[in-house]
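The values are calculated or read from the model by the stated rules, or taken from the named source; none is laboratory data. In this text the structure is predicted, and so the values were computed from the model without any measurement. Methodologically, a virtual Cβ is constructed for each residue, glycine included, from the backbone with ideal geometry; neighbour enumeration extends over all protein chains shown. Calculation scope for accessible area: heavy atoms of the full protein, side chains included, ligands and nucleic acids excluded. Shrake-Rupley method; radii C 1.70, N 1.55, O 1.52, S 1.80 Å.
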Number of protein chains: 2
Amino acid sequence: MFLQHFTGTMDNWDPALTNALAKNHHVVLFNNKGVSTSGGKTPESVSEMAKDAVDFITALGYGQVDLLGFSLGGFIAQDIAVNNPSLVRKIVLAGTGPIGSEGITKLESVINEGYKDGPENALINLFFTKSESGVNAGKAFMKRLQLRTTGRDTPASNETIGAQAKAIITFGYQKDDDHKQLLAIKQPVLIVNGTSDLIVPSINSYVLSQYIPDSKLIIWSDAGHGALFQYHEDFVREVDLFLGQAKNK
Amino acid sequence: MFLQHFTGTMDNWDPALTNALAKNHHVVLFNNKGVSTSGGKTPESVSEMAKDAVDFITALGYGQVDLLGFSLGGFIAQDIAVNNPSLVRKIVLAGTGPIGSEGITKLESVINEGYKDGPENALINLFFTKSESGVNAGKAFMKRLQLRTTGRDTPASNETIGAQAKAIITFGYQKDDDHKQLLAIKQPVLIVNGTSDLIVPSINSYVLSQYIPDSKLIIWSDAGHGALFQYHEDFVREVDLFLGQAKNK
């Protein structure tokens with residue numbers, strides 16, 4: 001069950017990643033409430049988004065799923081893991097962090113900086129490093145996102161974007177100094193990020209690994225928030241191994 | 001080429017690790033100058049130990065090797081990588097950190113604490129966590145270290161231990177605020193540790209990943225300095241993949 005990032009729709013998932021994982025797992029992508037093609041109003045808190053995701057998962061009839069949460073999706077995954085523990089078998093957290101994550105309250109200025117040279121470069125700027133291999137990985141990622149040509153998702157509305165930004169910034173201002181939420185995650189967790197995440201600074205991934213009781217942390221060099229897309233081959237290999245290559249269909 | 005930890009001899013390498021790696025690679029264990037069965041006097045600095053290791057490698061006739069440096073061995077590996085770059089193809093750094101590593105100047109009090117309930121428990125205390133699985137991993141490790149019964153190495157002498165301690169503590173007091181040494185490492189590096197390293201605190205592994213240009217960091221939960229022994233199966237899998245499973249014989 002893939003939980004998507006700020007502003008992202010189903011068409012923001014990299015097919016290099018989803019198609020490769022779909023070889024061994026039943027992959028479910030969805031737009032959470034109010035996002036793109038999904039009806040309803042996007043809530044302004046992570047915990048409400050988590051409830052919406054739980055409603056979706058249970059409406060599909062699943063008793064237990066694996067979660068892959070990227071960025072905002074990782075905040076949601078943590079909430080589901082703790083508040084609906086029996087629903088979650090294993091969790092992959094990418095480019096994300098705990099309640100009170102360092103740096104995420106600066107979301108708006110980081111995003112504005114990323115959009116400085118036009119929306120077509122925003123994801124490259126925000127998800128990848130400025131090195132030659134970082135920029136090339138970003139361009140390749142953007143090409144892969146365009147491979148699907150029919151029935152594409154509409155972009156997230158301004159209302160959704162505003163609500164999600166509020167949820168993220170609120171999550172950043174929340175306090176959990178004893179890391180009670182991380183300590184309460186009983187599922188095995190694979191944590192991944194790049195060394196240079198601009199949106200959820202990489203140190204937050206280290207903090208996740210320090211307090212989630214059962215985890216493996218991987219951080220790739222010369223990569224940012226989109227490290228899972230840049231290192232998609234190694235990422236898929238690690239996820240396959242982590243999930244036990246189970247066919248959950 | 002395995003570079004050993006403080007006080008360690010060839011018989012401190014876990015056969016679960018060396019034997020598994022030897023399936024795909026030519027593994028060389030050695031006691032550096034003055035350590036255990038090796039002649040000469042153990043120097044009091046990391047850079048001199050690095051020179052001794054380079055002498056050994058070149059005396060064996062190797063033009064290029066992969067280095068696996070654990071703890072003090074990781075300090076030495078960084079020095080060799082930077083000062084003899086053509087000699088080094090790839091590097092694995094386990095339970096180690098950069099020049100000025102946080103916490104390593106406290107070596108003596110950490111070691112004394114580890115020896116509190118007798119020398120037979122010291123490595124379990126110092127390399128593993130206090131959880132049930134940590135202690136069990138420590139006991140299993142200690143058993144594996146005893147598997148070789150003939151021609152075992154003599155323990156490191158007090159003179160060697162004193163010289164190595166001085167080298168480690170000096171390395172901890174050295175300054176490299178701009179991380180020039182890490183930035184100068186041009187080889188691919190695999191960095192591994194546990195979340196709870198008492199000897200070279202785990203944050204140092206994160207710092208390595210932030211500045212070594214080409215790296216992959218792995219941190220396993222509920223593990224300490226000896227994470228590579230506790231997670232030997234995953235470690236060997238990662239190292240094999242990292243080294244390209246090349247037969248270098």
* Under 14 Å from the B:ARG152 label point (7 Å along Cα→beta-carbon), backbone N, region B:1-43 -> B:9-15
* To do: Would you tell me the accessible area of A:SER202, worked out with a 1.4 angstrom probe on the heavy atoms of the protein chains, in Å² to the nearest 10?
  => 10 Å²
* Asked: Among residues other than A:LYS51 whose Cβ falls under 10 Å from its Cβ, what is the net charge (Lys/Arg +1, Asp/Glu -1)?
  -> -3
* To do: Take A:ASP178, project a point 7 Å from its Cα along the Cβ direction, then tell me which residues of region A:198-214 have their backbone nitrogen under 20 Å from it.
  => A:207-214
* Run the 1.4 Å probe and let me know the accessible area of B:PHE242, rounded to the nearest 10 Å². => 40 Å²
* When each copy gets a label point 7 Å from Cα toward the beta-carbon at B:ALA184, what are the spacings between them in nm, shortest first? -> 5.0
* Asked: Given a Förster distance of 41 angstrom, what is the FRET efficiency for B:THR170 paired with B:LYS143, based on the Cβ-Cβ distance and rounded to 0.05?
  -> 0.75
* **Gain upon complete extension [A:THR37, A:LYS186; 0.36 nm per residue less C-alpha separation]** => 50.3 nm
* To do: Decide, for the protein assembly as shown, between rounded, prolate and oblate: order the square roots of the alpha carbon gyration tensor eigenvalues as a ≥ b ≥ c, take rounded if a/c falls under 1.5, and otherwise choose prolate if a/b is larger than b/c, else oblate.
  => prolate
* To do: Take the alpha carbon gyration tensor of region A:166-241, find the square roots of its eigenvalues, order them as a ≥ b ≥ c, and report rounded if a/c is under 1.5; if not, report prolate when a/b exceeds b/c, else oblate.
  => oblate
* Structure fact -> Expected integer from the mean partner chain Cβ neighbour count at 10 Å over B:209-217 is 6
* Asked: Classify chain A: rounded, prolate or oblate, from the alpha-carbon gyration tensor (a ≥ b ≥ c, eigenvalue square roots; a/c under 1.5 rounded; otherwise prolate if a/b is larger than b/c)?
  -> rounded
* Asked: Taking the alpha carbon gyration tensor of region B:102-245, what are the square roots of 5 times its eigenvalues, largest first, to the nearest whole Å?
  -> 26, 21, 16
* Where in region B:108-214 are there GluC sites (Glu not before Pro) that are in a DSSP coil and have at most 10 other Cβ atoms within 10 angstrom of their Cβ? -> none
* Asked: In whole percent, what relative contact order does region A:1-127 give with Cα contacts below 8 Å and a gap of six or more residues?
  -> 22 percent
* To do: Note the buried accessible area between B and A here, summed over both chains, with a 1.4 Å probe, in Å² to the nearest 100.
  => 1600 Å²
* Counting only protein heavy atoms, what percent of the accessible surface of the protein assembly as shown is carbon or sulfur at a 1.4 Å probe? -> 53 percent
* Structure fact -> With the 1.4 Å probe rolled over protein heavy atoms, the protein assembly as shown has an accessible area per residue in Å² of 42 Å²
* Qualifying trypsin sites (Lys or Arg not before Pro) for region A:111-192 [loop in DSSP, other Cβ within 10 Å: at most 14] -> A:LYS116, A:LYS130, A:ARG148, A:ARG152, A:LYS175, A:LYS186
* Structure fact -> Note to self: C-alpha centroids of region A:107-127 and region B:54-108 sit apart, in Å, by 40 Å
